[in-house]
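Remarks on the structure that follows.
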Amino acid sequence: MSHKCHEEEAKASIGVVRFSIYVVSTSRYEAIRKGENVEDVSGELATQIIKSAGFEVVSKEIIPDSREAIIQALKKASTAGADIILFIGGTGITWDDVTVETLELMFDKRIEGFGELFRFLSYQEIGPAAMISRATAGTYKHSAVFAIPGSPSAVELALKKLITPEAKHIVYLSRRSAPHTP
């Protein structure tokens, strides 16, 4: 079946697309635990873009940048029926950025083109610094999963140019994939 046929079938067969958003930031997570008010610019921006594209945000949470927290969030969102699980942040190249490595171990299938296109589009905006922009995507059970950098410009680029335009098609395909339990 061609891409166009998949897209048409997806638009017709997929109802509301449900997103779960996780902002990966140990410092913000710890501040919340201390009862401090935390500004979540990227998480709020993601929510706004997703809703304005006609999709639903079923949960949004700030979690620490730890393998355990990321895996727990992934499993929780998938079990709750999220169609797309979005992780924002923790994608850098420092030792404590573990989002990409953690998620890639959990994927049933990787969506290679997402990271490639994200870096290509980032290069057009920020030049050679795009080479250290780590973004990844894949499927986990019935859900599509995306991990993107935490800057507002990265959130806007990923959601407006890549994720929301293809959301129904991606959900259609990920629901057809065979699940596994790692």
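What are the ³J(HN,Hα) values, in whole Hz, obtained from phi via the Karplus relation 6.51 cos²θ - 1.76 cosθ + 1.60 with θ = phi - 60°, for each residue of segment 64-71 in sequence order, with x given for Gly and Pro?
Working through the residues one at a time gives x, 7, 9, 4, 4, 5, 5, 5 Hz.
Within 12 Å, Cβ to Cβ, of THR99, how many net charges do the neighbouring residues add up to if Lys/Arg are +1 and Asp/Glu are -1? Mind showing how you got there, number by number?
On the way: positive: ARG67, ARG134; negative: ASP65, ASP96, ASP97, GLU101, GLU104.
After counting each charged neighbour, the total is -3.
Exactly which chymotrypsin sites (Phe, Trp or Tyr not before Pro) in segment 88-155 are in a DSSP loop and have at most 11 other Cβ atoms within 10 Å?
Values: sites: TRP95, PHE107, PHE114, PHE118, PHE120, TYR123, TYR140, PHE146; in loops: TRP95, PHE107.
Listed in order of number, the matching sites are TRP95.
With θ taken as phi - 60° and the coefficients 6.51, -1.76 and 1.60, list the Karplus ³J(HN,Hα) couplings across segment 97-112 in order, rounded to whole Hz; mark glycine and proline as x.
For segment 97-112, the Karplus curve yields 8, 10, 4, 4, 4, 5, 5, 4, 6, 8, 5, 6, 9, 8, 9, 4 Hz.
Around VAL23, which amide H atoms from residues at least 5 apart in sequence, or from another chain, sit under 5 Å from its own amide H, with H modelled in the peptide plane?
GLU61, ILE62, ILE63, ILE88
What are the residues whose amide H is under 5 Å from the amide H of PHE55, where those residues sit 5 or more places off or on another chain and H is modelled from the backbone?
Distant-sequence amide H within range of PHE55: zero hits.
Can you give the calculated 222 nm mean residue ellipticity of the chain, where each DSSP H run of n ≥ 4 adds -39,500 (n - 2.57) and the sum is split over every residue, rounded to the nearest 500 deg cm²/dmol? Walk me through the numbers on the way to the answer.
Details: 8 runs with 86 residues, N = 182.
Using -39500 (n - 2.57) per qualifying helix, the result is -14000 deg cm²/dmol.
Tell me, what HN-Hα J-couplings in whole Hz come from the Karplus equation 6.51 cos²θ - 1.76 cosθ + 1.60 at θ = phi - 60° for each residue of segment 157-170, using x for Gly and Pro?
Per-residue couplings from phi come out as 4, 4, 6, 6, 9, 10, 6, 5, x, 10, 3, 5, 5, 4 Hz.
Going through the cross-link list LYS109/LYS161; LYS4/LYS168; LYS75/LYS168; LYS109/LYS141; LYS109/LYS160; LYS75/LYS141, which pairs have a Cα-Cα distance over 18 Å in this structure? Provide the component values of the computation, followed by the final result.
Values: LYS109/LYS161 22 Å; LYS4/LYS168 12 Å; LYS75/LYS168 21 Å; LYS109/LYS141 9 Å; LYS109/LYS160 23 Å; LYS75/LYS141 9 Å.
From LYS109/LYS161; LYS4/LYS168; LYS75/LYS168; LYS109/LYS141; LYS109/LYS160; LYS75/LYS141, over 18 Å: LYS109/LYS161; LYS75/LYS168; LYS109/LYS160.
Just for the chain, what percent of DSSP beta bridges are antiparallel, to the closest 5? The partial results should precede the final answer.
On the way: 7 of 24 bridges.
If we restrict to bridges inside the chain, about 30 percent are antiparallel.
Quick check: convex hull of the Cα atoms in the chain, volume per residue, rounded to a whole Å³? Numbers along the way, then the final one.
On the way: hull volume 21.0 nm³, N = 182.
Roughly 115 Å³ of hull volume per residue.
Amide H to amide H under 5 Å from TYR140: which residues, 5+ apart in sequence or cross-chain, H placed 1.01 Å off N in plane?
Under 5 Å from the amide H of TYR140: ASP108, VAL145.
Taken together, the values in this text are just the output of simple stated rules run on the coordinates, not laboratory data. From a predicted model like this one, the values you see are computed outputs, not experimental measurements. Here the Cβ is made from the backbone with ideal geometry for all residues, glycine too, and neighbour counts use every protein chain on show.
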